[in-house]
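Written below as structure tokens is the structure these notes are about.
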Amino acid sequence: MPWEIDPHHTLVEFSVTHLTINIVKGRFKDTHGTIHLDPQHPENSWVKAHIQTASIDTGVAQRDAHLRSADFFEVITYPTITFESTNVQPTGTNSSIVTGNLTLHGVTNTIELQTEFTGSVRDPLTESLRIGLTARGVLDRRMFQMRFHRLVGDGIPLVGNTVHLELRIEALHV
């Protein structure tokens with residue numbers, strides 16, 4: 001059953017450590033994609049999604065500009081992040097591990113996302129059927145050639161290498 005990701009009701013967030021003592025969160029505001037769900041055979045389900053890197057938003061304009069630069073996302077050269085699933089392994093009634101290829105900063109690596117189906121509902125305004133999904137994962141930004149590494153003070157990294165991902169996805173039946 002095909003579903004189109006609703007960019008207006010989908011949240012793609014990330015977090016990284018700042019100075020090893022706290023985290024900084026950000027989000028991408030422009031996400032699109034297609035999900036195919038097979039409730040009878042979840043292992044036949046798949047997802048293809050893309051994110052516009054320039055849509056990054058951490059709430060601080062100066063930091064966002066730095067993240068768009070060659071130190072990080074290099075948005076002019078690499079305007080899109082893509083994810084294409086290669087395997088869906090059910091782990092429970094409403095949960096799966098989705099493995100796929102993430103292309104970021106011109107580099108493709110395999111990542112795993114822990115996913116959960118959060119339900120379906122008929123939209124009272126449009127009468128269209130909607131589904132909700134969450135996905136969580138962790139990656140090392142160096143795997144994608146994001147090597148910005150500035151040490152401050154007594155050798156404390158300004159930004160950590162581990163990136164935590166959290167996605168809240170809403171999709172419309174097409």
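Quick note: the coordinates plus some simple rules give every number you see, no bench work behind them. Treat the numbers as computed from the prediction; the structure is a model and nothing was measured. Note that we place each Cβ from the backbone using ideal geometry, even for glycine, and neighbour counts take in every protein chain shown.
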Percent of C-alpha pairs per 10 Å bin, the chain, short to long: 9, 37, 32, 17, 4, 1
For the chain, with a Gaussian network of springs between Cα atoms less than 10 Å apart, report the residue from Asn22, Asn94, Asn161 with the top mean-square fluctuation. Asn22
Under Karplus coefficients 6.51, -1.76 and 1.60, residue-wise ³J(HN,Hα) of the stretch 73-90 in Hz, glycine/proline x: 7, 6, 5, 5, 7, 10, x, 9, 9, 10, 9, 9, 5, 10, 7, 10, 10, x
For the chain, with +1 on Lys and Arg beta carbons and -1 on Asp and Glu, the positive-most of Thr126, Thr86, Thr162 along the dipole: Thr162
Exposure-ranked with fewest Cβ neighbours within 10 Å first, Arg122, Arg27 stand as Arg122, Arg27
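Charges at C-beta only: +1 for Lys and Arg, -1 for Asp and Glu. How large is the resulting dipole of the chain about its Cα centre, in Debye rounded to 20?
Values: 14 positive and 19 negative charges, 95 e Å.
My answer is approximately 460 debye.
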Expressed in nanometres to one decimal, the distance between label points 7 Å along Cα→Cβ at Asn109 and Thr91 is 1.9
The stretch 50-67 - phi-based ³J(HN,Hα) in whole Hz, Karplus 6.51/-1.76/1.60, Gly and Pro as x: 9, 10, 7, 5, 5, 7, 4, 8, 10, x, 10, 4, 5, 5, 4, 4, 5, 5
Under the rule rounded for a/c under 1.5, else prolate if a/b exceeds b/c, else oblate, using alpha carbon gyration tensor axes a ≥ b ≥ c, the stretch 70-114 is classed as prolate
Amide proton proximity set for His105, modelled H, under 5 Å, gap of 5+: none
Viscosity 0.890 mPa s, temperature 25 °C: Stokes-Einstein D of the stretch 51-151 from its Kirkwood Cα radius, in µm² per second? 155
Theoretical ellipticity at 222 nm over the chain - DSSP helices of four or more residues, -39500 (n - 2.57) apiece, nearest 500: -1000 deg cm²/dmol
